[in-house]
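Every number here is computed from the coordinates shown, using simple stated rules; none is lab data. Keep in mind it's a predicted model, so treat the numbers as computed, not measured. Here Cβ is always computed from backbone atoms with ideal geometry, including for glycine, and neighbour counts include all displayed protein chains.
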Amino acid sequence: MPLIPMRVLLDHAAENDYGVVALNVNNMEQIQAIMIAAKETDSPVIIQASRGARKYSNDAYLRHLILAAVELNPTIPIVMHLDHGNSPETCASAIEQNFTSVMMDGSLDAAGEVPSSFEYNVRVTKEVTDAAHAVGVSVEGEIGALGGIEDGHGAGLSEEEAQEHLTDPDQAEEFVALTGVDALAVAIGTSHGAYKFKKKPTGDVLKMDLIEEIHRRLPNTHLVMHGSSSVPQELQDIINQYGGGLNQTYGVPVEAIKKGIANGVRKVNVDTDNRLAITGAIRKVFVESPEAFDPRKYLVPARAAMAEVCKARMIAFGQAGHAGDIPIKTCKEMIDFYG
Ligand SMILES: [Zn+2]
């Protein structure tokens, strides 16, 4: 089947009360890991690439690798999504490169350095929504700003600064009405990267009640949780056991994400957990088999370790078993829907 727009998948998720993990990729092994997990759990998938990923792997490689995943997995619905587009130009270039969904993150300025004004965010997001919907491509916007650094871009907000830029439910309502986005990323105290919380998060730093309020006001908008890796202790331990130097950190518990899914969260971004799994597996091979030099010796276990993380999230978020029951629509077929 063709790549599908994200709206098609998230509508189905909303009707059937499940969430979908959105997984970042930079290379072939990560795409393969996602597809191994999707196949084994019969899950529809969102594969996403950030600006950093597009720069690292080149759009042509990304496009062909994802088309290979489509070709090899004809029964799995796949969304190709741009993560954190910083400008209408970045989103337009992604659409040219086959992306079926784009995120316009106007919550920060184009350099990703400082929180932008509400007016700027509305203007750039509306521009992207108009252009994307005209060709049936889905759009995710963001209101409020997250902490941490998104894939090496910008200086990033600290955990404390992020707490000052939580999503305001009034603004969220207005933003969706003015822009017409399909999905909305909300800031509820999470941050990008491995270092999210200095201790196990409680309701005073991870504001799940804010999700409930936003969902109550926007029952038909698909909510998105960014920075939602759980940063499992065992993945931190493997890295440190084999010579790594991670400082103790805490992520977003899977149970909190499930609560979000019960309150309108349909897309959950997970990247760090996969990075940790890959790095741990590679470090283990380097320590245990110092004589090895064939990259496959460490890339095979790295890919398998990432597939395990993907599988666990697909099962926990409820998308497992749904690959076959999505009513498939192409971007072309979505043009009328938006028109
Ligand atoms: Zn993000």
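If exposed trypsin sites (Lys or Arg not before Pro) are those in a DSSP loop with at most 12 other Cβ within 10 Å, what is the longest stretch of the chain that has none? Intermediate results must be reported in sequence, preceding the final value.
Working: sites that count: Lys198, Lys199.
Looking at the chain, 1-197 is the longest stretch - no exposed trypsin sites (Lys or Arg not before Pro) with at most 12 other Cβ atoms within 10 Å.
Binned at 5 Å from 0, what are the whole-percent values of the Cα-Cα distance distribution for region 184-303, short to long?
So the P(r) values, bin by bin, are 2, 12, 19, 18, 14, 11, 9, 7, 5, 2, 1, 0.
Using Cα centres only, tell me the gap between region 61-123 and region 163-210 in whole Å.
Taking the Cα centre of region 163-210 as reference, the centre of region 61-123 is 20 Å away.
Considering the alpha-carbon set of region 1-120 alone, what are its Rg and its Dmax in angstrom?
14.8, 45
So which lysines pass the test for Lys284, namely a Cα distance under 17 Å, with those fewer than 8 places away in the same chain ruled out?
Cross-link targets: Lys297.
Please go through region 94-154 and write out the GluC sites (Glu not before Pro) that DSSP classes as loop and that have at most 13 other C-beta atoms within 10 Å.
Taking region 94-154 and a limit of 13 other Cβ atoms within 10 Å, the loop GluC sites (Glu not before Pro) found are Glu113.
Starting from the amide H of Gly251, placed 1.01 Å from N in the peptide plane, find each other amide H under 5 Å away whose residue is 5 or more places distant or on another chain.
Those qualifying (amide H under 5 Å, at least 5 residues apart or on another chain) number zero.
Once a ≥ b ≥ c are taken as the square roots of the eigenvalues of the Cα gyration tensor of region 100-251, is the result rounded (a/c under 1.5), prolate (a/b larger than b/c) or oblate (a/b not larger than b/c)?
It is prolate, given that a/c is not under 1.5 and a/b is the larger ratio.
Can you give me the orientation-averaged projected area of the convex hull built on the Cα atoms of region 82-146, in nm²?
Directional mean of the projected Cα hull area for region 82-146 stands at 3.7 nm².
Using alpha carbons only, what's the Rg to Rh ratio of the chain with Rh from Kirkwood?
My calculation puts Rg/Rh at 0.95.
Select from Gly148, Ser289, Ala194 the residue farthest towards the positive end of the dipole of the chain; place +1 on Cβ of Lys and Arg, -1 on Cβ of Asp and Glu, and compute about the Cα centre.
Ser289
Run the numbers for Glu15 and Ala262: contour at 0.36 nm per residue of separation, minus the present Cα-Cα distance, in nm.
On the way: separation 247, 0.36 × 247 = 88.92 nm, distance 1.18 nm.
In short, 87.7 nm is gained.
Just the number, please: Stokes-Einstein D of region 56-174 in µm²/s, Kirkwood Rh from C-alpha pairs, 10 °C, 1.306 mPa s.
103 µm²/s
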